[in-house]
Amino acid sequence: MTTQQPIIKLHDGNLMPQLGLGVWQASISETTNAVTKALEIGYRSIDTAAIYKNEEGVGAALQSASVPREQLFITTKLWNDDQGDPQAALETSLEKLKLDYVDLYLIHWPKPQQDQYVDAWRGLIKLREQGLIKSIGVCNFHIPHLQRLLDETSIAPVINQIELHPLLQQRQLRAWNATHHIATESWSPLAQGGEGVFDQQVIKHLADKYEKTPAQIVVRWHLDSGLIVIPKSVTPSRIRENFEVFDFKLDKDELSEIAKLDIGNRLGPDPESL
């Protein structure tokens, strides 16, 4: 079986693995162990955030890893309370990660009622110019938030990371992102453990057909839909399972069947109200 994973070219020219490891809700020690295992398996993209309180765990794993820094793609995020001072927030994250730069820095939520995200975006642009960030993007931005960034700064995010799984497919937002050359990245890609997804008849049928697990079918659905995907796990067997998806592809009809599962079921917060 090949483990040659696909790479996405972002609109700023930087390259990003299409599949990575997420570490949401993992403790520092769990994160260190999970990232260490993931790098051994072949992952090269790791997604954390200041609010996860486990950047130190990522940093510890990276320090002990034998993978060269230039082969890694490390993402972290600017928390809502820090939108007024992105530079200080990033410097804290870099210290915890034990890195000189991050490959991708994301505004975690628009927090529209706070009305700081445009100024925060300008801050990220400056930090990129300083070389502390390779690529800049956002999370959980709706079309009006994205349009405002374009209108006021003329610089589009390379990525919009949003809740996306078979029960919440966000087609309109994905289409808008694509039109503006913004890659869409899926968080909670397995619908937080697969509840309501893994037991769907189409998912079970495809798992049987391809001799894969339901989780592998869903990860493959993200990849074949052109999405960047970061399934989270701290369990070594599942970290490996989520990565062993490069020896098959879903066809157009199978993707269409999974499309029918979309019921707009949001599991996380609504970006408008957070």
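The values are calculated or read from the model by the stated rules, or taken from the named source; none is laboratory data. What you see is a predicted model, and the numbers here were worked out from it, not measured in a lab. Glycine gets a Cβ as well: all are built from the backbone with ideal geometry, and neighbour counts include every protein chain shown. SASA here: full protein model, heavy atoms, side chains in, ligands and nucleic acids out. Shrake-Rupley method; radii C 1.70, N 1.55, O 1.52, S 1.80 Å.
Odds and ends about this structure:
- Residue pairs meeting the criteria (Cβ under 6 Å; at least 6 apart or on separate chains; first closer than 24 Å to Thr36 by Cβ, in segment 70-99; second of a type in the set (Val, Ile, Thr) and open to solvent by less than 60 Å² (accessible area, probe 1.4 Å)): Ile74/Ile46; Ile74/Val102; Thr76/Thr48; Thr76/Val102; Ser93/Thr76; Leu97/Val58
- Of the helices (runs of 4 or more DSSP H) lying entirely inside segment 53-144, not one carries at least 3 residues that are more than 21 Å from Ala26 (Cβ to Cβ), under 16 Å from the mean Cα position of the chain (by Cα) and not basic (Lys, Arg).
- Failed item, numbered, when Glu95 is tested on (1) open to solvent by 70 Å² or more (accessible area, probe 1.4 Å); (2) more than 24 Å from Asp119 (Cα to Cα): (2)
- Single unsatisfied condition, Ala175 versus (1) without any contact (Cβ under 8 Å) to a residue 12 or more places away in the chain; (2) of a type in the set (A, V, I, L, M); (3) open to solvent by less than 10 Å² (accessible area, probe 1.4 Å): (3)
- Residue that is least open to solvent (accessible area, probe 1.4 Å) [pool: residues in segment 189-240 that are closer than 28 Å to Thr48 by Cα, in a helix (DSSP H, G or I) and polar (S, T, N, Q)]: Gln216
- Filter result (open to solvent by 50 Å² or more (accessible area, probe 1.4 Å) and part of a strand (DSSP E or B)) within segment 1-52: Ile7, Lys9, Leu15
- In segment 143-159 there is no residue that is open to solvent by 20 Å² or more (accessible area, probe 1.4 Å) and touching a residue at least 40 places away in the same chain (Cβ under 8 Å).
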